[in-house]
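The values are calculated or read from the model by the stated rules, or taken from the named source; none is laboratory data. In this text the structure is predicted, and so the values were computed from the model without any measurement. We place every Cβ from the backbone using ideal geometry, glycine too, and count neighbours over all the protein chains shown. Please note that ligands, DNA and RNA were not included when accessible areas were found on the heavy atoms of the full protein model with its side chains. Shrake-Rupley method; radii C 1.70, N 1.55, O 1.52, S 1.80 Å.
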Amino acid sequence: MADAASQVLLGSGLTILSQPLMYVKVLIQELGPGNVQKEVSSSFDHVIKETTREMIARSAATLITHPFHVITLRSMVQFIGRESKYCGLCDSIITIYREEGILGFFAGLVPRLLGDILSLWLCNSLAYLVNTYALDSGVSTMNEMKSYSQAVTGFFASMLTYPFVLVSNLMAVNNCGLAGGCPPYSPIYTSWIDCWCMLQKEGNMSRGNSLFFRKVPFGKTYCCDLKMLI
């Protein structure tokens with residue numbers, strides 16, 4: 001029980017400190033040498049057990065910290081319209097509760113949870129496969145190589161699950177009374193699935209994923225373009 005509580009506290013701390021950037025926590029595994037099928041099976045069972053425990057801890061941490069994540073995102077997005085609707089923690093909590101109720105604190109929670117869980121399983125599974133079948137256990141720098149492989153697989157998993165992060169962030173500010181969450185800056189989405197489908201239709205699933213190599217989907221018009229036409 002104490003171990004589970006410590007995992008929840010650790011996950012909560014990491015989530016708060018890493019916002020608005022997404023954090024990727026990589027499970028470090030120590031797999032012994034040898035190609036015996038029994039050892040491989042035992043190691044894989046260990047990976048499943050540890051990943052399941054980490055999934056529960058991370059999901060609990062996400063659930064606890066998501067209201068603060070929503071407030072953080074809205075505080076940043078209000079810069080678009082030069083607004084001051086969300087000023088301070090207490091004021092933001094009162095505003096969200098008054099306008100949207102309890103559910104307002106959990107806007108965008110589902111895609112965020114799905115993205116975290118999928119990223120975790122992809123990261124740990126790929127790291128296990130690379131460490132077990134691709135790396136030579138006789139290398140003197142085996143532990144260092146495993147650390148590198150886990151970092152690479154973690155980055156790869158985060159890239160694959162980025163659409164969930166994008167949808168979650170968009171839903172957290174969707175139709176919240178801020179200019180950045182309403183037309184013409186952003187459409188009004190009926191659900192996170194509607195948001196996903198619209199972004200996919202526009203070819204915009206990787207929007208904001210790169211700070212340097214960015215593209216405008218064909219046929220898309222933004223507010224800056226509209227101002228130039230006026």
Just to be sure, is residue 205 open to solvent by 50 Å² or more (accessible area, probe 1.4 Å) and modelled with pLDDT under 90? no
For segment 196-208, what are the residues that are free of Cβ contacts under 8 Å to residues at least 60 places away in the same chain, closer than 20 Å to residue 159 by Cβ and not in a loop (DSSP other than H, G, I, E, B)? 199, 200, 202
Suppose we filter 51, 15, 62 for residues that are at pLDDT 55 or above, closer than 20 Å to residue 108 by Cα and either open to solvent by less than 80 Å² (accessible area, probe 1.4 Å) or among the basic types (Lys, Arg) (or both); which single one remains? 62
Counting only residues that are open to solvent by 70 Å² or more (accessible area, probe 1.4 Å), within 23 Å of the chain's Cα centre (by Cα) and hydroxyl-bearing (Ser, Thr, Tyr), how many does segment 87-136 have? 0
Number of the exception - residue 95 against (1) touching a Lys or Arg at 6+ places or on another chain (Cβ under 9 Å); (2) under 27 Å from residue 117 (Cβ atoms): (2)
Every residue from segment 66-86 that is among the hydrophobic types (A, V, I, L, M, F, W, C) and open to solvent by 70 Å² or more (accessible area, probe 1.4 Å): 68, 76, 79, 80
For segment 175-195, what are the residues that are part of a helix (DSSP H, G or I) and open to solvent by 10 Å² or more (accessible area, probe 1.4 Å)? 179, 180, 192, 193, 194
